[in-house]
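Please treat every number below as a calculation from the coordinates, not as lab data. This structure is a prediction, so every number in the text was calculated from the model and none was measured. Quick reminder, even Gly has a Cβ in these numbers, built from the backbone with ideal geometry, and neighbours come from all protein chains shown.
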Amino acid sequence: MICFAHRGARGHEPENTLRAFTKALDLGAPWIEVDVYPVGGELVVIHDLRLERTTNGTGYVFEQEFSYLRNLDAGMGEKIPTLREVLNLIDGQAGVNIELKWPGTAEPVAKLIDTCCRELGWPVDHFLVSSFIHAELRHFHQLLPAIRIGALTGDLPLNLAAFAEELDADAVHANIEFVNQDFVDDTHRRGMQFYVYTVNYPEDIAWMDRLGVDGVFTDYPERVLSYKL
Ligand code: G3P
Ligand code: MG
């Protein structure tokens, strides 16, 4: 099973900060997941729509000035990073799953990935772009079809993995609360990978293994990496 460090190693460090991404690399995570919003012409790495849970700021992320966000404490004195800073830190040491959290993210993310691949020579398979906002994901795919995409779902769709196949996705990213064998098998029959979030407990890791899923998002990469198949 592929191990994705969820928002960095958020079980150990403040989520979506450079500390969390450094920890994920130190733990040997082969993939790192980051959440991205577009704010004031920049791409910022943060999960929630609002600032209160993870920072000392208030209000909606998308309504702020970039300079306001940059002066906030995102935990242990860490700043909210830009996507560029995160990519520079990872620097090819792990694959990057970029989750598009807000409309208007597809275009700047496509531009940044394209720059990394063309100018820095980063391989296209270094990236996986995902979103719950399927129109945004489709737009990204049209802009940069060489980059793999994952269709996120927070429930169990009536037609199982059909929604992801319609998007020409490479993977379904499913919520563990709605995972079952039919969903996994249907995804595989349609030629896609099946990744599950968020898988933190040893019993859950073993359960995902029995279901035959291809990868898991975890706050504790070391638990997945030490799991014996
Ligand atoms: O991409 C997996 C997972 O991160 C999706 O849910 O809410 O943690 O961004 P969320
Ligand atoms: Mg996410």
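Given the structure, is N200 polar (S, T, N, Q) and farther than 19 Å from W31 by Cβ?
Values: polar (S, T, N, Q): yes; farther than 19 Å from W31 by Cβ: no.
For N200, the condition - polar (S, T, N, Q) and farther than 19 Å from W31 by Cβ - is not met.
Okay, residues lined up against (1) of a type in the set (A, V, I, L, M, F, W, C); (2) within 29 Å of R210 (Cα to Cα); (3) assigned to a strand (DSSP E or B):
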| residue | (1), (2), (3) |
| --- | --- |
| G8 | no, yes, no |
| G11 | no, yes, no |
| T55 | no, no, no |
| L87 | yes, no, no |
| E99 | no, yes, yes |
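The set of residues in the stretch 61-87 being surrounded by fewer than 19 Cβ atoms within 10 Å (Cβ to Cβ) and closer than 18 Å to P38 by Cβ consists of F62, E63, E65, F66, S67, Y68, R70, L72, K79, R84, E85.
Residues in the stretch 168-185 that are within 23 Å of I147 (Cβ to Cβ) and either among the polar types (S, T, N, Q) or surrounded by fewer than 18 Cβ atoms within 10 Å (Cβ to Cβ) (or both): 1 in all.
A search for C-beta distances below 7 Å between a residue of the stretch 95-114 that is within 21 Å of W31 (Cα to Cα) and any residue that is assigned to a loop (DSSP other than H, G, I, E, B) and among the aliphatic types (A, V, I, L, M), counting only pairs 6+ apart in sequence or on different chains, returns L100/I133; A110/L144; I113/L144; I113/I147; D114/L144. Of everything in the stretch 193-204 that is of a type outside the set (F, W, Y) and surrounded by 21 or more Cβ atoms within 10 Å (Cβ to Cβ), the residue that is farthest from the chain's Cα centre (by Cα) is V199. Hey, does the stretch 45-53 have a residue that's buried (at least 23 other Cβ atoms within 10 Å of the Cβ) and within 16 Å of ligand 1 (Cβ to nearest atom)? Within the stretch 45-53 (the criterion being buried (at least 23 other Cβ atoms within 10 Å of the Cβ) and within 16 Å of ligand 1 (Cβ to nearest atom)), the answer is yes, since at least one residue qualifies.
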